[in-house]
Amino acid sequence: MNNSAGNTVRLFAAGLRALLALTVLLGVLYPLAVTGLAQLAFPGRANGSEIRDASGRVVGSELIGQRYEDLRWFQPRPSRGLGTNSVNTRYALLVSGATNRSGDSADLVRWVAEARAAVVRDNSTPGHPVRPAEVPADAVTSSGSGLDPHISPAYARLQVRRVAERNHLAVARVERLVAEHTEGRTLGFVGEPRVNVLRLNIALKALVAGGS
């Protein structure tokens with residue numbers, strides 16, 4: 001009986017020591033080491049890929065889209081998602097996710113039709129109406145994550161005249177701004193060319209403030 005009790009105590013003590021050792025190793029030292037290496041090697045990404053404006057203030061992340069109610073600014077993709085957001089009220093999402101509707105869904109067809117009509121209405125300027133056929137797919141559909149910060153160069157160019165008119169800028173200057181903020185394919189062959197809407201709008205704000 002005493003031997004049995006003694007073995008139980010030894011096993012319990014050994015298990016407790018293993019638990020404490022693994023907790024310190026995997027719960028403290030390993031996370032600290034990984035965090036430290038990430039801060040040294042990739043400080044920007046480790047801190048959430050933050051984007052700062054001209055004043056140095058953090059205005060968002062290059063990985064997360066934002067909404068812009070004022071049509072002076074370039075607009076992102078639609079943001080139909082799975083929840084509401086009380087923290088980042090600039091983007092109407094709390095969790096990542098798409099609508100997951102089938103191609104023949106009546107809801108999806110209605111959403112796309114409404115979005116296309118809004119894009120045509122908002123971006124048509126005197127003498128330069130936007131035709132429905134000119135509206136690219138990313139202007140009327142949300143991304144798979146629902147959080148995509150990028151739009152296609154085609155959608156950015158479609159918005160140029162409206163942005164130029166509302167900000168009293170030359171169309172050619174806004175076109176050049178879009179071209180300057182168009183990113184190519186990753187490694188030259190992965191993905192598609194894209195425009196980060198937040199970075200583009202920060203540059204637009206600086207351009208308007210500079211009166212150029």
Length added when fully stretched, T182-E62, from 0.36 nm per residue minus Cα-Cα
41.8 nm
Measuring from its Cα centre, the chain shows a charge dipole (+1 at each Lys and Arg Cβ, -1 at each Asp and Glu Cβ) which, in debye to the nearest 20, is 220 debye
For the chain, the Debye formula with one identical point scatterer on each Cα and no solvent gives log10 I(q)/I(0) at q = 0.11, 0.14, 0.18 Å⁻¹ as -0.66, -0.95, -1.37
FRET efficiency for N100 and N167, Cβ-Cβ distance as r, R0 = 25 Å, nearest 0.05?
0.10
When the chain is treated as a GNM, springs tying every alpha-carbon pair under 10 Å, which of G65, G36, G15 comes out with the largest mean-square fluctuation?
G15
What are the trypsin sites (Lys or Arg not before Pro) within the stretch 118-212 that DSSP puts in a loop, where the Cβ has at most 11 other Cβ atoms within 10 Å?
R185
Need the full-extension length gain, V208 to Y30, defined as separation in residues times 0.36 nm minus the C-alpha distance. One decimal, nm.
59.3 nm
If the convex hull is drawn through the Cα atoms of the stretch 2-43, its volume per residue in Å³
30 Å³
When the chain is fully extended, how far beyond the present Cα-Cα distance does E134 get from A41, taking 0.36 nm per residue of separation?
29.2 nm
Taking the chain and counting helices only, DSSP H stretches of n ≥ 4 at -39,500 (n - 2.57) each over all residues, the nearest-500 ellipticity at 222 nm comes to -14000 deg cm²/dmol
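Read the figures in this text as sums done on the coordinates, not as results from a lab. Computed from a predicted structure; not experimentally measured. Glycine also receives a Cβ, built like all others from the backbone with ideal geometry; neighbour counts cover every protein chain displayed.
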